[in-house]
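Colleague: I have a structure here, written as structure tokens, and I will follow up with some questions on it.
The values are calculated or read from the model by the stated rules, or taken from the named source; none is laboratory data. What you see is a predicted model; the values in this text were computed from it and never measured. Virtual Cβ from ideal backbone geometry, glycine too; neighbours counted across all protein chains shown.
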């Protein structure tokens, strides 16, 4: 005969197993998106190795506190940062605001383009307006297109209040672990982590 505690423990173990598998599946899909974007930037969009920085972590200061955020790719042309790309699994709509905030915080003036991508599609966002300006991998700017965007950009640095708001938005997304992979960079922790 099983006791209520045994059943609860077994149920919790099953739930934990399901959640761990869902997290792993999500990370696998995000990794697939990273591979797709890396290939696309190099082989189809004309970017060189010097133009693309992968696995970027950057520090963000808010008042007396500092925290780390991340982007999967930071794309530059002739040394000028122009596009940030965040890869994830699932709904891209829920990641748009985080990518825009990251593009507004990472540089001054803000980057002109943010991209969110999964293994199936991508959304290209105009950072100034926060609006989607293109859908699909074909909408991601080529090196030449990004160079034109950078040369024509009239984006000004954000004022202090707006920059603080963007930092808070980015912190909120990172604090709830939206789009932050499990492991050293954060993510959902399930169970005890005796390695820490």
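Colleague: Which one is nearest to residue 102 (Cα to Cα) among residues in the range 49-70 that are free of Cβ contacts under 8 Å to residues at least 60 places away in the same chain and not in a strand (DSSP E or B)?
Modeller: Applying the filter and picking the extreme gives 63.
Colleague: Oh, and also: Can you find, within the range 139-157, the residue that is nearest to the chain's Cα centre (by Cα) among those that are closer than 15 Å to residue 85 by Cβ and free of Cβ contacts under 8 Å to residues at least 24 places away in the same chain?
Modeller: Of the range 139-157, the ones closer than 15 Å to residue 85 by Cβ are 139-143, 145-146, 149.
Cutting the leftovers down to free of Cβ contacts under 8 Å to residues at least 24 places away in the same chain gives us 139, 145.
Values: 139: 18, 145: 22 Å.
The qualifying residue nearest to the chain's Cα centre (by Cα) is 139.
Colleague: Just the residues that are more than 16 Å from residue 41 (Cβ to Cβ), over 12 Å from the mean Cα position of the chain (by Cα) and either touching a residue at least 40 places away in the same chain (Cβ under 8 Å) or assigned to a helix (DSSP H, G or I) (or both), please, taken from the range 81-92. Write out each step before concluding.
Modeller: Taking the range 81-92 first, the residues more than 16 Å from residue 41 (Cβ to Cβ) are 88-92.
Then keep just the ones that are over 12 Å from the mean Cα position of the chain (by Cα); that gives 90-91.
The one that is more than 16 Å from residue 41 (Cβ to Cβ), over 12 Å from the mean Cα position of the chain (by Cα) and either touching a residue at least 40 places away in the same chain (Cβ under 8 Å) or assigned to a helix (DSSP H, G or I) (or both): 90.
Colleague: Another question about this same structure. Could you tell me which numbered condition residue 107 fails, if it satisfies all but one of (1) crowded, with 24+ Cβ neighbours inside 10 Å; (2) more than 10 Å from the chain's Cα centre (by Cα)?
Modeller: Of everything listed in (1) crowded, with 24+ Cβ neighbours inside 10 Å; (2) more than 10 Å from the chain's Cα centre (by Cα), residue 107 misses just condition (1).
Colleague: For the range 56-89, how many residues meet the condition of being at pLDDT 90 or above and under 24 Å from residue 137 (Cβ atoms)?
Modeller: Going through the range 56-89 one residue at a time, the tally reaches 18.
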